[in-house]
Amino acid sequence: MTETVETEAGTARVTWHHAPGPRLVLAVGHGAGGGIEARDLQALAGALPAHGVSVALVEQPWRVAGRKVAPAPKTLDTGWRGLWPALTRPGLPVISGGRSAGARVACRTATGLGARAVLALSFPLHPPGRPEKSRADELLGAGVPTLVVQGGNDPFGRPEEFPEGGFELVEVPFGDHSFAVPKRAPVTQEAALRSVTDAVTRWAASLG
């Protein structure tokens, strides 16, 4: 089921994958370079409903409008906040999530929105080749239980680059920023995505 939601940043879109008898909602936003067709978002939408988690794939207003370039972080946050009433309408705790830029939005807004937890897929710890431009403060400031799922070869931040903090980190071996693995890697693409969905399923179960 797809619905449009009016926000102060424009019209957003939510595609629902409902669980039978859900206990949680996982709302996930896309990154700055793609939409909800991202392989990890689609894998989560396919896997989690069977485990009692309804998945809401969120398209930010700039993407719905067909623009190619994401707006400033403040505008992304405004769009996410405007979507929240639609995400909480089922009356269930909501995990605020996203991939890349969407993960940053989820971290920045979690406490203000009353999110149950944060799922950060491919958190962009720093721009490629610029480790001094760290965004660790956003991750560490989420203020709620947080799971980071990170590719072992992500140029935006490899797992070993992350600081110690109040979050759990799961590595997807050989994965890049999109969790793509090289053909020569000893794991298949399917196995890499399964490691994402297994980790999120296990973690979501621990949230109650």
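The values are calculated or read from the model by the stated rules, or taken from the named source; none is laboratory data. These figures come from a predicted structure and were not determined experimentally. Here Cβ is always computed from backbone atoms with ideal geometry, including for glycine, and neighbour counts include all displayed protein chains. SASA here: full protein model, heavy atoms, side chains in, ligands and nucleic acids out. Shrake-Rupley method; radii C 1.70, N 1.55, O 1.52, S 1.80 Å.
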What fraction of the DSSP beta bridges in the chain is antiparallel, stated in percent and rounded to the nearest 5?
30
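Ignoring ligands, DNA and RNA, please state the percent of accessible area on the stretch 117-208 from carbon and sulfur, probe 1.4 Å.
Its accessible area is 54 percent carbon and sulfur atoms.
Extension gain Ala136-Ala50, at 0.36 nm per residue separation less the Cα-Cα distance, in nm? Could the numbers behind the result be given before it?
Values: separation 86, 0.36 × 86 = 30.96 nm, distance 3.30 nm.
Taking Ala136 through Ala50 to full extension adds about 27.7 nm, to one decimal.
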Please sort 85-96, 64-75 by packing, taking for each peptide the average over its residues of neighbouring beta carbons within 10 angstrom, highest first.
85-96, 64-75
Considering only protein heavy atoms and a 1.4 Å probe, what is the carbon-and-sulfur percentage of the accessible area of the stretch 1-40?
52
Quick one: give the max-minus-min coordinate of the C-alpha atoms of the stretch 40-135 along each principal axis, largest first, in Å.
40, 27, 25
Accessible surface, per residue, of the chain when the full set of protein chains is kept, probe 1.4 Å, Å²
43
To the nearest 0.05, what FRET efficiency results for Lys183 and His126 with a Förster distance of 25 Å applied to their C-beta separation?
0.35
On the first, second and third principal axes, largest extent first, how far apart are the outermost C-alpha atoms of the chain in Å?
42, 36, 32
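Using just the helices of the chain, give the 222 nm mean residue ellipticity in deg cm²/dmol: DSSP H runs with n ≥ 4 each add -39,500 (n - 2.57), and the total is spread over all residues, rounded to 500.
-9500 deg cm²/dmol
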